[in-house]
Amino acid sequence: MKRVIFTIIIVIIGLSIGNVLPAKAQSLQNISSINIDDLSDQQITQLMQQAQSAGLSDADILTQAKSRGMSDGEAAKLQARIAQIRSKNKGSSAQATNSDFSRRKLNYKADSTADTASMSNEFRKLSPPIFGADLFRNKNSTFEPDLKLATPLNYVVGPQDQLNVNVYGNSVANWQLEVSPEGNINIPGAGLINVAGKTIAGATAAIKAKLAANNYAVGRGTDVKVTLGNIRSIKVIMVGQLVKPGTYTLPSLATAFNALYSAGGPNDNGSFRNIEVIRNNKIVAHLDIYDFIVKGDQKGNISLQDQDIIRVPTYRTRVNLTGQVKTRALFEVLPGESLQDVLNFAGGFTDSAYTAKIKVTQISDQQLRITDVPESDYANYIPLRGDKYTVESIINRFENRVVISGAVFRPGEFELQKGLTLAQLIKNASGLKEDAFMDRGTITRLKPDNSIETISFNLTDVIANSNSIALQREDSIHIFSIFELKDKYQVTINGAVRNPGTFNYASGLKVADLILEAGGLSEGASMKRIEVARRINNADQQSKTGAVSQVFSVNIDTDLKPGQGDFELMPFDIVSVYGLPGYEKQKIVKIEGEVLYPGTYTITNKDEKISDLVQRAGGLTASADVEGGTLKRDNIAILGINKNKSDTTYVEQERQDRLNRLKRSYKDSTDNTDLQARNNYVGIDLKAILKSPGSSIDLLIEDGDLVRIPTMQQIVRVNGEVLYPSAVVYSNSKSFKDYVLNAGGFSPRALRRGAYVVYPNGTVKGTSKFLFFNNHPDVKPGSEIFVPTKPEPKGNSLQTILGLSTGLASIGAIILGIISLHK
């Protein structure tokens, strides 16, 4: 069938290319038997590519197919498949194919013969495989004769053979004798003897007789053994429908299979069943390759002789077997063989095959016809030329299945036995679970038109009357669980427990039980301050002050022992465990840099301030830059973090993340990550704080604070939109512009009026404006000057001017109108 597709492609290309493939066009076959569903996407794609290379459209493909006998239904399928592939590839593969086939057109001009052969190989890839062809295409199967085996007694000796004559016993001799072109060997002391045309057994007998005539005691304590030494070569002529016909030189031990493999085996038109071995103008053997493939029988694989001819005729009858068989291929059929023989060649049916009948597409004069062969006639049906057998799959449906799911002990698929009722099916499923909802269940049933209907039933009535509901094929029964019909019961616990969260509710669950499920109380939890919030169902919707939940205060035993005061929970309760009054976790701050004792300190009093921390650290060193002192405090709000800062583990992790970001090399001050890190710094005046400790600027220190006093700074960093961002040595005599000039000056994209200075203590001061002049801030040691980028223009300058002009003209017209009215 697929070979017919190749012929279509050849004809389509021939319409455009002309005389490149006239022979192929003349061999066009009837294509009305094509089944588009049997073709893969790859095969359809190659058809499209071939037509596209010939300059033909998809419509041309359909026109040509219909003109050759394709039915309208198959043509519609082909059109749909082509449209689907076009949509999937989005045209990209088609463009690549165009260039590829344009190249092939050029190759036609250079070497049309080579390109035609290449195209034939492509067509062969698309066609159904020929059964037995892989035997000769497989590189791992060489069929080389074994030259090391024992000498066959039926081997026929010829010129150029070397015979090893071994005399042993009372007389001992060992001769290596070559057969002369005349067929003789010369035995030392015995003379010439003709051995050509004799088998090894016959040559051995002749040699024994010759030796006995020359006084060798052969048979009286002396024996003779003759073996082959060097093996001669023979010429075998390979003719007929072979891949590579010609004359081949083979070892004299070669068989017909060796010669066939050397010639590439039969070609696409060659017979695999009736290969002839001709010797001296007579057929001496017939070789059936199917016997070897199917049965392992080599009865026709005879040893060859010099000048033997192997002829491969064309096949007589070949049929196509496809569908649900183990080997889908083209099979050659001999007279007297039946459809059952073809099935045997294919290895039989697959597990999903519909074996009751096989669909046969036959050639009937000028048309095709379809015949169904029943299973009882497989052995009697005689295959005809061009038959195509299709073995279909079984239908993907059950003839006696019912399904039950839900609150039964063994849900699943069951056999629909004769007279099976719903009550019996529940019994087959090992009965109902305890949580089955008894008031209602459902049966989903297929109606005669394959639509679906739902039948409801009362489960209590079904159990009481076991014959109430008879089941049908493909009924699907669902028994609801009471848990399917309500929200999942859970309770929640928050606060001073080790693993707060949501837990499954169980009847009789008490507060102490839930605390244990949450890992127990955390350090500092209060046993006397536990609240349980419960949903209410009778809220007053008309009252603005009506209750929306019910709250209970609960006290539990210190050791969580069961007692009368243990509060029982209800579904969806929320339990809150509070901490002990006055319980405080240690709060850690850090001071580093130019102090006598830098390190980590624990806050001792709620009113401890920055000056107190510096004093506890031993005060400043002589090289401290007091004006550059900074306070780093994690800004939880700016990061969008909903976390309790009393969680010291979390705070420490966040602190490390910020420090890691600050340690990275400076790249872009406008980076969002860098802005977040900058936002963590609080601008302080450490010099004023130490001069007036306890004043309003002396801030209270908090958990996680980091106070840093740097060494006296001697540089100023200049970054942003300058020509060469760099660090400039600080000098009292330099102004803001001097530092920018030391960094190469402003870049063309610099927003000069937006320049600002970040001082070492974290404070920032921007550029002010007086009339048309920019008043830049002072620069101190350790400062950073940053020049931002001008914003991108929102539109074309010409468009902006025109817009402003139009607006002004409109305003002017309005003003003139008002003046004229007043006049």
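The table for this structure:
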{"read-out": "In region 545-607, trypsin sites (Lys or Arg not before Pro) in a DSSP loop with at most 10 other beta-carbon atoms within 10 Å", "value": "606"}
{"read-out": "Whole-percent carbon and sulfur share, accessible surface of region 538-626, 1.4 Å", "value": "50 percent"}
{"read-out": "Note, ³J(HN,Hα) from phi for region 465-478, Karplus 6.51, -1.76, 1.60, rounded to Hz, x at Gly and Pro", "value": "10, 5, 9, 6, 10, 8, 8, 10, 4, 6, 5, 10, 9, 10"}
{"read-out": "Sequence-separation-based contact order of region 289-333, relative, with Cα cut under 8 Å and 6+ spacing, percent", "value": "25 percent"}
{"read-out": "Residue 763 long-range amide H proximity, modeled H, under 5 Å", "value": "684"}
{"read-out": "Sequence-distant residues sharing a close amide H with residue 278 (under 5 Å, placed H)", "value": "284, 309, 310, 311"}
{"read-out": "Cleavage-rule hits (GluC sites (Glu not before Pro)) in region 380-469: DSSP loop, at most 11 neighbouring Cβ within 10 angstrom", "value": "399, 434"}
{"read-out": "Rounded to whole Hz, the Karplus (6.51, -1.76, 1.60) HN-Hα couplings of region 574-583, x for glycine and proline", "value": "10, 9, 10, 10, 9, x, 5, x, x, 6"}
{"read-out": "HN-Hα J in Hz across region 690-705 - Karplus 6.51, -1.76, 1.60, θ = phi - 60°, x for Gly and Pro", "value": "6, 6, 10, x, x, 6, 5, 7, 7, 6, 5, 8, 10, 4, x, 5"}
{"read-out": "Amide hydrogen neighbours beyond the local backbone of residue 242, cut-off 5 Å, H modeled", "value": "267"}
{"read-out": "With every protein chain in place, region 218-352: carbon and sulfur % of accessible area (1.4 Å)", "value": "44 percent"}
{"read-out": "Global form of region 375-417, assessed from the alpha-carbon gyration tensor, a/c cut-off 1.5", "value": "prolate"}
{"read-out": "Entries of 210/235; 357/418; 198/225; 609/780; 198/244; 210/282 with Cα pairs more than 22 Å apart", "value": "210/235; 357/418; 609/780; 198/244; 210/282"}
{"read-out": "Candidate aspartates and glutamates - alpha carbon under 17 Å from residue 388, same-chain residues fewer than 8 apart omitted", "value": "37, 38, 74, 332, 337, 341, 365, 372, 375, 377"}
{"read-out": "Accessible heavy-atom area order of 238, 527, highest first, probe of 1.4 Å", "value": "527, 238"}
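The values are calculated or read from the model by the stated rules, or taken from the named source; none is laboratory data. Model, not experiment: these values are computed from the prediction. Cβ sites come from the backbone with ideal geometry, for glycine too, and all protein chains shown count toward neighbours. What goes into the accessible areas is simple: the full protein's heavy atoms, side chains included, and nothing from ligands, DNA or RNA. Shrake-Rupley method; radii C 1.70, N 1.55, O 1.52, S 1.80 Å.
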